[in-house]
Amino acid sequence: MEKPGHYVLLLTAAAVILSQSYPWQQSGLTTAVDGYVHPALHYVLLLTAVAVILSQCYRWQQSGLTTAVDGYVHPAFQKVYDVFKKNIKANLEKGACFSAYYKGELVVDIWGGYSDIEAARKWKNDTLSIMFSSTKGVSAILVALFVQKGYLNYNKLVSHYWPEFRKNGKENITVEMLLSHQAGLSITNGTIDIRLLKTNPREVEAFLEEQRPVWKPGTAYSYHVITFGMYVDVLLRKADPKHRNVDQIFREEIATPFDIDIHYGLPRSELHRNSRFVPLSLTNILKHTFKSFSWHQLNVFLTIMNPMSRFMRASYSGFNQEPTFAAFNNPDLNQIPLTSFLGFGNARSLAKLWGIIANGGSYNNKTLLTPDMVRLLGTPVVAGRSWDGLLDVSVGRGVFFLPTPQGHLSFGHAGYGGQAAYADLEKKVGLGYLTSYLKAFTLGDDVQFLQYEAAFYECLEKYIGEKG
C-alpha cells in the first residue's frame with residue numbers, strides 16, 4: 001500500500017472513533033458494568049486509539065526495513081537480484097530466498113525480508129524455512145540413491161521389503177507405483193496422531209498396512225499429498241541394511257557428504273535459525289486465482305474449496321487435523337521427520353542438490369547419482385489427467401515435470417504456498433525457492449517464483465551467448 005493510503009486509513013479510523021464518542025456519552029451503556037465510568041474516560045480511550053493508529057502509521061513508514069536484500073549474484077545474473085529486490089520493496093515478497101546453480105557453480109544466492117515479521121527478525125544467510133512438499137522431491141533423490149546402491153528396485157513389489165504390506169489389495173504395488181503416485185493410497189480410512197511417528201512407529205506401520213487402495217494400483221495416478229511420505233519413509237527404513245530412520249539416512253548419505261543444509265524434521269539445535277511460516281489465507285488464494293486467471297486456476301480454486309473433493313480428502317488423510325495449520329510452527333511438531341512436508345532447508349541447498357542432479361550427478365569429485373540413474377530419475381512414468389481431476393502433468397519416480405520458460409521440461413517438486421525446486425538437465429541448472437509467507441496454492445507457478453525463473457533464464461541465454 002502506498003503511504004497516502006495509510007493516512008486515509010488513519011483519518012477514516014479517527015472519524016469512526018469520533019463519531020462513536022458522542023453515542024457512548026448518551027447511551028450510558030458503558031456504566032452497565034458495576035461502578036462508575038467518568039465521561040472523560042471516553043476521550044482517554046479515543047486518544048489512546050488514535051495513538052495506537054499513529055504508532056502503526058509510523059511503523060508502516062519505517063517499512064523500508066523490509067526492503068533489505070542480501071546475498072550474491074554473478075554479474076551476468078544481476079536482473080534476478082533486481083526483480084527480487086523490487087518484489088521485496090513492493091511488499092509482494094515478505095520473506096524469501098532464491099538460488100540457482102549452473103554447471104555446478106552457484107550463480108544466484110539471494111534472500112530478503114523477514115523470517116518472523118512479528119519479532120522483526122530479518123531473513124539471514126543461514127535462515128531455514130519449511131519446504132512443505134518440496135521435501136518429496138528430495139526424498140525421490142534419496143530413493144534413487146537406494147536403488148543405485150541395490151537396497152531398492154523400482155520394479156520390485158513394496159511387499160518384497162515390507163511383507164506386512166501385502167494385503168487388502170496392495171499385493172501388486174511396486175516401488176515405482178508408490179513413487180509415481182499410482183498406488184491408490186492417497187486417501188486413508190481413518191487418521192492417526194502424527195506424533196506416533198516418533199513415539200510408536202510400529203503403530204503407524206500397522207495403520208498403513210490396513211489401508212486399501214481407492215483405485216486399482218497402476219491404472220491411474222493421483223497426488224498422495226500426505227501419505228506419500230508415510231509409506232516411503234517406512235519403505236526406506238525397511239530396505240536400509242541398518243534400518244535407520246529417514247532423517248538419519250538423509251543426513252548420513254546426502255546432507256553431510258555433500259554439505260546440504262536440509263533436515264527431515266527440524267533438530268532442536270537449529271530452532272534459532274528457523275523462519276516462522278504464515279499460513280495461506282483465503283485472500284491470497286483468491287488473489288492468485290483471479291490475478292493470473294486460467295481455467296486450471298479456477299479448477300484448483302473450486303477443488304480446494306470443496307472439502308469432499310478427492311484432492312481435499314487426500315489432504316486431510318493420514319493424520320489427525322491439528323487445531324490450526326500454524327501448529328507446525330510448534331517445535332514439538334516440526335521436529336518430527338516426515339518426507340511428505342516436514343523438511344526444512346533453504347534455497348541454496350535445494351538449488352545445490354538439484355544442481356548436482358542437473359550436472360550429471362557429481363560434485364567436487366563425489367558422485368551422488370550416476371548419469372544413468374539421473375536419466376532414470378528424469379524420465380516420466382505416467383502422464384495425463386489425475387484421478388482427482390486436479391493435475392494434467394507428467395509424473396516420474398517421486399518427481400513432477402514442468403516446463404521451463406524456454407519450453408523444455410525440468411523435474412523436481414513444488415511445495416505448498418509457493419515453494420519450488422527442480423533440475424533442468426538440458427541447461428544443467430538447479431533452482432530453489434522458499435518463502436515462509438505462503439502466497440498461493442500452486443504447482444510451481446507461484447507468481448514471484450515465475451518472475452525470478454524468467455529473469456534467470458533470460459540472463460542465462462545472454463551469458464551462454466556471450467561465452468560462445
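Annotations for the structure displayed:
- Cross-link pairs 198/439; 170/366; 79/136; 86/352 - those with Cα-Cα distance over 28 Å: 198/439; 170/366; 79/136
- Summing Lys and Arg as +1 and Asp and Glu as -1 over all other residues whose Cβ lies under 14 Å from the Cβ of residue 151 gives a net charge of +3.
- Contact order relative to length of region 190-337, as percent, for alpha carbon pairs under 8 angstrom and 6 or more apart: 39 percent
- Residues whose amide H falls under 5 Å from that of residue 72, counting only those 5 or more places apart or on a different chain, are 109, 110, with hydrogens built in the peptide plane.
- Highest mean first, the peptides 225-233, 187-195 sorted by other C-beta atoms within 10 Å per residue fall in the order 225-233, 187-195.
- Built amide H within the under 5 Å cut-off of residue 338, gap 5+: 265
- Within the shell of other residues whose beta carbon sits under 11 angstrom from the beta carbon of residue 122, the net charge comes to 0, with Lys and Arg scored +1 and Asp and Glu -1.
- Here, P(r) means the percent of Cα pairs in each 10 Å bin from 0 to the largest distance; for region 68-134 it is 21, 49, 27, 3.
- Computed magnitude of the charge dipole of region 321-443 (debye, nearest 20; Cβ of K, R +1, Cβ of D, E -1): 400 debye
- Computed from point charges on the beta carbon alone (+1 for Lys and Arg, -1 for Asp and Glu), the dipole magnitude for region 95-138 about its Cα centre is near 80 Debye.
- Taking a quarter of the surface of the Cα convex hull of region 90-164 gives a mean projected area of 9.0 nm².
- Taking the Kirkwood radius as Rh and the Cα radius of gyration as Rg, region 250-383 has a ratio of Rg/Rh equal to 1.03.
- In region 124-176, Cα pairs under 8 Å separated by at least six residues give a relative contact order of 27 percent.
- Normalised by the number of residues in region 329-438, the average gap of Cα pairs under 8 Å and 6 or more apart makes the relative contact order 28 percent.
- Distance histogram in 10 Å bins (all Cα pairs of region 319-468, percent per bin): 10, 35, 35, 16, 3, 0
- Hydrodynamic radius (Kirkwood) for region 149-190, which is based on Cα pairs only, to one decimal in Å: 10.8 Å
Read-outs: derived from the displayed coordinates by stated rules, not from any lab. Given the structure is predicted, the values throughout are model-derived calculations rather than measurements. Heads up, the Cβs are rebuilt from the backbone with ideal geometry, glycines too, and the neighbour counts pull from every protein chain shown.
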